[in-house]
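Since every read-out is calculated from the coordinates, none of them should be taken as a lab result. Quick caveat: nothing in here was measured; it's all calculated off a predicted structure. Here Cβ is always computed from backbone atoms with ideal geometry, including for glycine, and neighbour counts include all displayed protein chains.
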Amino acid sequence: MKTFLPEALSYEQVSPLQRPSMLDLDKPQLQSLLEAWGEPAYRVQQVWHGLYRQLAATPEALSNLPKALRLRLGAETIWDPLTPLETLHSRDGQTHKVLFALPDGAQVEAVLMNYARRHTVCVSTQAGCAMGCSFCATGQSGFQRNLSAGEIVAQVLYFARQVAVRRERITNVVLMGMGEPLANYEATWAAIRRLNDPEGFGLGARAMTLSTVGLVPGIRRMAHEPEQVNLAVSLHAANDALRDQLVPINRRFPLAQLLEACRYYIAQTRRRVSFEYALIAEVNDRDEDAHQLAELLTGLLAHVNLIPLNPIPDSPLRPSPRARVQAFQHILQQHHITCTVRLRRGLDIQAGCGQLRLRRQQEENRATRAIQTE
Ligand code: SAH
Ligand code: SF4
């Protein structure tokens, strides 16, 4: 949480990084800020609505506030921590991916996916990721830092403003962008609660899905949260030898422990768990792998999402061919495991999270090397 400035310090002397970031304030904190500014109590709700209901991109847009307050909010706080750097639109026009800069220069990606009447936003919870999964662009580019709750929420608000132009709303949020949400537990859950707040953005908890690489203590902790957020677990392999290679954190939390935590979660919440399985040609897509996966999940309130791998640069890993995906799905169905094949949306815009940032990093490195060798 950002601290307020000591009274003696004037805001003009303070760098933007030290200004309070509005989306990081909970309501009592917003209240103390406005109180310290000598504003009447009813302004709290007005500003809160301005942020989360009117979705104002700047305080200037809030015509119900006095001009002086709008100016002060603009000058002395960070209203929105995101600066869009680059936007890519998929060829079919349904998927939009944005690379944002945060106030300290860290970069994250978020994606808007439109289909039927749904608008789903995929958000990042960390800049980079420390888990180092071998098939993941984010994992390959390393860990920079955790995002704050406000920085997570801001990604949703950015796209909410876009669809609001057509009088539509964000219907779903998936925490499946860059980073491991359970490695940034507090900020992630603060963001979920903020989005869920009926006085604010008002998105139902059931419309949100948190995807984890399988951090066992985090899953157990989630089992006791009152919000009924969906849990997705990234499995990708049904035996430890293979999962150790694809998902290195498996060495710390092997499959038996992970499945035990999922069982605990289901027992506590009576909610189904989704298991993500990226199909990688000749790595985890044999008939034998499908049978093992089915055995692992039998008796569990589970659903499997099969996702043909999104190829990433400089990696020999390839997606399974269509016929293999179908054969794999068929075996799971024979074992009565419900599963769906997730469409690869926006492949042409490198929709796998982390890919845009990785590409930019590589371009910047190449440019630096070019300068150095000149
Ligand atoms: N760290 C969390 C959430 C972010 S990754 C997690 O791992 O679950 C979101 C999802 O994208 C995960 O299921 C992850 O395994 C998957 N993923 C990452 N790279 C991928 C790729 N190249 N192709 C397909 N899925 C990928
Ligand atoms: Fe991190 Fe998830 Fe990528 Fe693994 S798949 S490196 S946990 S973002």
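Observations
- For segment 176-316, the calculated P(r), taken from all Cα-Cα distances in 5 Å bins from zero up to the bin holding the longest distance, is 2, 9, 19, 22, 20, 14, 8, 5, 2, 0, 0 percent.
- Here the label points at Glu168 and Gln245, each 7 Å from Cα along the C-beta direction, are separated by 4.2 nm in the simple model.
- Angle between the chain longest axis and helix 27-36 axis [Cα atoms, degrees, rounded to 10]: 20
- Karplus-based coupling profile of segment 297-312, in residue order and whole Hz: 9, 4, x, 9, 6, 10, 9, 10, 9, 8, 10, x, 3, 8, x, 10, with θ = phi - 60° in 6.51 cos²θ - 1.76 cosθ + 1.60 and x standing for Gly or Pro.
- Sorting 197-206, 42-51 by average packing, meaning the other beta carbons within 10 Å per residue, from highest down gives 42-51, 197-206.
- C-alpha long axis of helix 149-164 to longest principal axis of the chain, angle in °: 90
- Contour minus Cα-Cα distance for Glu186 and Ala116 (0.36 nm per residue): 21.9 nm
- Full extension of the chain between His303 and Ala101 yields a length gain of 69.2 nm, computed as 0.36 nm times the residue separation minus the alpha carbon distance.
- Projected label points at Arg145 and Ala41, each 7 Å from Cα along the beta carbon direction, are separated by 3.7 nanometres.
- Relative contact order computed over the chain (Cα-Cα under 8 Å; 6+ residues apart), in percent: 13
- 0 to 90° range, to nearest 10: angle between helix 322-334 axis and the chain longest Cα axis: 80
- Spread over its residues, the convex hull of the C-alpha atoms of segment 296-336 is 86 Å³ per residue.
- FRET efficiency, 1/(1 + (r/R0)^6) with R0 35 Å, evaluated for Arg220 and Leu317 via beta carbons: 0.65
- Taking all pairs of distinct alpha-carbon atoms in segment 162-210, Kirkwood radius in angstrom: 11.8
- Shape category assigned to segment 11-76 from the gyration tensor of Cα positions, a/c cut at 1.5: rounded
- Directionally averaged projected area (convex hull, Cα atoms, segment 44-192), nm²: 9.9
- Per-pair calculated FRET efficiency, R0 = 45 Å: Ser63 and His89 via Cβ, rounded to 0.05: 0.90
- Computed over Cα pairs, the Kirkwood radius of the chain leads via Stokes-Einstein (0.692 mPa s, 37 °C) to a diffusion coefficient of 149 µm² per second.
- Using the Cβ-Cβ distance between Gln326 and Arg271 with R0 = 25 Å, the FRET efficiency computed as 1/(1 + (r/R0)^6) comes to roughly 0.30.
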